[in-house]
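Here the structure comes first, spelled out in structure tokens, and everything after it is commentary.
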Amino acid sequence: MESISVFDMLSIGVGPSSSHTLGPWRAAKSWIEKLQREEEFTMVASVSVELYGSLALTGKGHATDIAVVMGLLGTDPVTYPIENITNAIDDLKDSNTLKLNSEKLIPFNFNESIVFNRAFLDFHPNGLTFKAILRNGKEVTDTYYSIGGGFVVQEERKRAKRQIEKFNTLPFPIEKATELLAYCNTQGVSISELVLKNELSLRDPDRIDDKLKAIWDVMLDSMYVGCHTEGILPGGLNVIRRAYETHKKLKGDTPYNNAVEWIYAIRNTEVKFRQILKWVSCFALAVNEVNASLGRVVTAPTNGSAGVIPSVLMYYLVIENHDGNFDDIKKFLLVAGEIGSLFKKGATISAAMGGCQAEIGVSSAMAAGALTELMGGSPEQVLIAAEIAMEHHLGLTCDPIGGLVQIPCIERNAMGAIKAINACEMALDRNPKDTKIPLDKVIATMWETAKDMASKYKETSEGGLAVQVNLSDC
């Protein structure tokens with residue numbers, strides 16, 4: 001019984017991976033805060049970090065070592081200028097010193113102070129241990145786990161009691177889709193209205209709107225930047241950014257100066273079926289090309305699947321409803337966040353635990369359900385759409401080539417977005433009484449599939465496409 005806010009499921013961070021980049025970044029910051037609470041920070045003489053399991057196997061490609069250092073420097077992944085990351089890491093490498101929390105200079109060798117240990121810890125595949133040697137010779141170690149979507153925990157789950165207490169204070173505590181639907185029916189409200197009631201018990205309405213606007217601003221900016229940036233993605237695979245060329249062919253001649261004007265310009269372009277497919281794919285590719293280059297995106301529910309939700313929401317705004325406004329954006333994000341929380345509570349959103357079905361599959365379900373509400377669907381149809389989208393992602397493995405969130409990850413966002421739209425349309429045509437598979441059953445099936453899936457298909461780059469492609473040929 002865990003209280004998971006929409007703002008836990010949709011959080012602003014830095015690419016390319018929520019579990020391998022954002023999570024370790026947050027873990028480092030949490031560890032520093034713990035050292036400060038226990039009055040050991042000022043005594044630190046040296047620091048080292050050990051990455052385990054999936055973090056070690058694909059950590060280089062996911063920039064886990066860079067993320068850990070940025071966290072140790074005390075920087076904020078939400079606000080730190082991403083264009084400064086390279087210089088910060090280069091300065092550390094040149095000086096072999098780290099300014100812990102931007103306060104305290106200590107020796108630190110980037111290639112030696114971060115250890116990649118391929119062994120898996122029992123609690124979760126994404127483990128990392130921080131070790132500090134104090135001036136009095138005492139050794140302080142703490143292990144954290146990055147469990148997907150930027151969530152970070154310690155094995156003892158000290159925050160679990162607080163989360164359960166918060167869960168019990170919600171006006172509508174929800175663990176399963178059946179409970180969500182029952183509340184909607186008894187209250188006579190839509191899913192977005194019910195979710196908003198829960199969020200209002202946690203924060204002020206103005207704060208909710210401000211945070212949702214900030215999330216949409218980052219989503220829109222990542223689409224805009226991706227569509228207007230050409231070149232090769234970093235990492236060595238020589239992957240060409242495709243959103244730029246696709247966008248250039250689609251956009252037409254309507255002038256614009258910023259992302260908001262861009263929306264209105266797209267509304268004036270041709271919207272035949274083929275162009276719709278291309279636009280949706282272009283939006284999704286754009287976001288994940290930004291993500292792959294250590295850009296700022298929104299975990300939705302992860303960085304690797306960050307392109308699905310914004311591209312489907314953009315589809316609604318530029319294709320389905322030219323009068324769409326912030327109220328529509330707000331409803332979409334509230335519904336998407338709630339559906340994502342159902343998967344996190346009942347299964348996982350970590351590719352290292354469940355393969356890519358836990359990322360692209362969940363994001364597609366989130367987008368499908370959210371779009372269905374905006375298109376006039378009932379709460380029952382919203383859940384049907386989410387079920388359809390996930391049902392057709394079951395078993396999807398995570399096998400990134402070279403440990404990079406590029407191939408096949410970027411294209412999978414486009415496919416997940418198209419499936420979400422299709423799932424919405426099928427749900428809108430479905431009589432809820434005729435549904436055979438409730439959402440809770442597909443969530444349980446996804447978790448059983450995740451447990452049965454061989455570990456080499458769970459973000460290790462030791463199976464699937466990752467071992468079929470010779471990196472020297474890229």
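Derivation of every value follows stated rules applied to the coordinates shown; laboratory data play no part. Worth saying up front: this structure is predicted, and the values here are computed from it rather than measured. Because the Cβ atoms are built from the backbone with ideal geometry, glycine has one as well, and the counts that use them run over all protein chains shown.
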Percent RCO, i.e. relative contact order, over the chain, from Cα pairs under 8 Å lying at least 6 residues apart: 19
Tell me, in nm to one decimal, what length is gained between Ala454 and Glu425 on full extension, where the rule is 0.36 nm per residue of separation less the Cα-Cα distance? 7.1 nm
For the chain, find the longest principal axis of its Cα atoms and tell me its angle to the long axis of helix 177-187, 0 to 90°, nearest 10. 50
Can you sort Phe108, Phe123, Phe343 from fewest to most other Cβ atoms within 10 Å of each residue's own Cβ? Phe123, Phe108, Phe343
Of His62, His247, His228, how do they rank once you tally other Cβ atoms within 10 Å and put the fewest first? His228, His247, His62
Compute the relative contact order of the stretch 17-155 as a whole-number percentage, counting only Cα pairs closer than 8 Å that sit 6 or more residues apart in sequence. 38
Which whole-Hz ³J(HN,Hα) couplings does the stretch 412-422 yield from phi under the Karplus relation 6.51 cos²θ - 1.76 cosθ + 1.60, θ = phi - 60°, glycine and proline marked x? 5, 5, 5, 5, x, 5, 5, 4, 4, 5, 5
Give the calculated FRET efficiency between Asn185 and Lys213 to the nearest 0.05, with a Förster radius of 25 Å applied to their Cβ-Cβ distance. 0.25
Anchor Lys330: aspartates and glutamates whose Cα lies under 18 Å away (excluding residues fewer than 8 positions away in-chain): Asp8, Glu193, Glu199, Asp204, Asp206, Asp209, Asp210, Asp217, Asp221, Glu320, Glu338, Glu373
For a quick check: with amide H placed at 1.01 Å from N, whose amide H comes under 5 Å from Leu98's, ignoring anything fewer than 5 positions away on the same chain? Ile106, Phe108
Over the Cα atoms of the stretch 242-373, what is the Rg over Rh ratio if Rh follows Kirkwood? 0.98
Cβ charges +1 (Lys, Arg) and -1 (Asp, Glu), total dipole of the stretch 17-155, debye: 80
Which of Ser19, Ser461 has the fewest Cβ neighbours within 10 Å, and the rest in rising order: Ser461, Ser19
Under Karplus coefficients 6.51, -1.76 and 1.60, residue-wise ³J(HN,Hα) of the stretch 137-151 in Hz, glycine/proline x: x, 5, 9, 10, 10, 9, 10, 10, 10, 9, 9, x, x, x, 6
Over the residues of the stretch 17-155, compute the C-alpha Rg and express it relative to 2.2 N^0.38 Å. 0.96
Whole-Å distance, taken between Cα centres, linking the stretch 258-336 and the stretch 189-251: 7
Distance (nanometres) between label positions extended 7 Å along Cα→Cβ at Lys441 and Glu103: 5.5
Assuming R0 = 41 Å, what is the FRET efficiency of Ala45 and Thr178, from their Cβ-Cβ distance, to the nearest 0.05? 0.15
Greater than 21 Å separation of Cα atoms is the criterion. Which listed pairs, Lys197/Lys419; Lys29/Lys99; Lys278/Lys419; Lys251/Lys272; Lys211/Lys251, meet it? Lys197/Lys419; Lys211/Lys251
May I ask you to work out the translational diffusion coefficient for the chain at 20 °C, viscosity 1.002 mPa s, via Stokes-Einstein with Rh from the Kirkwood sum over Cα pairs, reported in whole µm²/s? 95
As a test of the formula, what do you get for the chain when each DSSP H run with n ≥ 4 contributes -39,500 (n - 2.57) and the sum is divided by the residue count, at 222 nm and rounded to the nearest 500 deg cm²/dmol? -15000 deg cm²/dmol
Between Asp253 and Glu2, with labels modelled 7 Å along Cα→Cβ, what's the label distance in nm to one decimal, could you check? 5.4
